[in-house]
1. Among Tyr216, Ser14, Pro195, whose Cα projects farthest towards the positive end of the dipole of the chain, with charges put on the beta-carbon of Lys, Arg (+1) and Asp, Glu (-1)?
2. So which lysines pass the test for Lys105, namely a Cα distance under 19 Å, with those fewer than 8 places away in the same chain ruled out?
3. In the chain, with Lys and Arg counted as +1 and Asp and Glu as -1 at Cβ, which of these residues, Ala119, Ser43, Asn262, has the Cα nearest the positive end of the dipole, that is, farthest along it?
4. If one puts a single equal scatterer on every Cα of segment 112-195 and applies the Debye formula without solvent, what log₁₀ I(q)/I(0) results at q = 0.11, 0.17, 0.21, 0.22 Å⁻¹?
5. Pairs Lys235/Lys271; Lys183/Lys263; Lys235/Lys263; Lys157/Lys183: which are spaced more than 26 Å apart, C-alpha to C-alpha?
6. With contacts defined as alpha carbon pairs under 8 Å and 6 or more residues apart, what's the relative contact order of segment 1-87 in percent?
7. Want the number for Glu53 to Thr12: 0.36 nm per residue separation, take away the alpha-carbon distance, what's left?
8. Quickly estimate the mean residue ellipticity at 222 nm for the chain, helices only: each DSSP H run with n ≥ 4 gives -39500 (n - 2.57), and the total goes over all residues, rounded to 500.
Amino acid sequence: MTRDERLRVALTTSTPPEILTELSRDKDNYVRRYVAANPSIPSEALAHLSRDEDLYVRWRVAANHSTPPEILGELSRDEDDDVRWRVARNPSTPLEALAQLSRDKDPGVRWSVALNPSAPPEALSQLAKDKDDEVRRHVANNPSTPPEALAQLARDKRDDVRWRVVQNPFAPPEILVEFSRDKDSGVRWRVALNPSAPPEILGELSRDEDTDVRWYVAQNTSTPSEILGELSRDKDDAVRWSVAQNPSTPPEVLLILMCDDNKDVRESSEKNLSRRALRS
């Protein structure tokens, strides 16, 4: 095969395993890089490539979701930071390797663990105390972060970390209740957009003096029907338009909004109803 043909075959997921194994030993670095990223590559070929002298080959093995846990465990001790952070982000990485990488000297590796929804709770709790702001931001955003770690991050010194907690759909209700009364409207509208915000909080925020807060309540697909009905009469066109766009808005409310003074509201209501008719 020519080089171009080998590259194309190395990328193709339907390539027979024995061909991929053969290409994993190709003298051309680029061929080996391509085959290392192929999700259909056999485990023994990945094991061979995980020890490749070419850094970019090891990167692709570390990022490949088909790489077996034992190989990812070995790569978690690779001397290259970029290999380790790809292992840290891989959802197939074993828990013990993620726990080890959560203590890595490189902050990029630690924030990759913080991003990984498969990271063990104890590792995420430890990373919630990390000195690196980016690490804590990612922990605050991770759906697997334990409630007690989110509660700690809700008191973080940085606004952007606290905002991530507020936006996390798994944030404890008591945190959302507390932040729904924050003096900063930017915090309140983030609560308003959270799909897990309690109905009573969405009700309070639907009457907020800040238009942006009401606008986000109107966008939230978890907002109860009766609150969407109230917001359909809001004085602000953008709020009513968001109600008209919301897939959770009751049909009877959309019919009323089809007679709204604002053209965009009318058109959005009509389109919303039409989409539902097509699905039924």
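Bear in mind that the values in this text are calculations on the coordinates, not laboratory data. On a predicted model such as this, the values are computed, not experimentally measured, just so you know. Cβ placement follows ideal geometry from the backbone for every residue including glycine, while neighbour counts extend to all protein chains displayed.
1. Value computed over the given set: Ser14.
2. List returned: Lys129, Lys131.
3. Checking the options against the dipole of the chain, the answer is Ser43.
4. Ignoring solvent entirely, the Cα scatterers give -0.24, -0.57, -0.86, -0.94.
5. Lys183/Lys263
6. Working: 113 pairs, mean separation 19.2, N = 87.
Relative CO of segment 1-87 lands at 22 percent.
7. 12.4 nm
8. Value at 222 nm, helices only, nearest 500: -17000 deg cm²/dmol.
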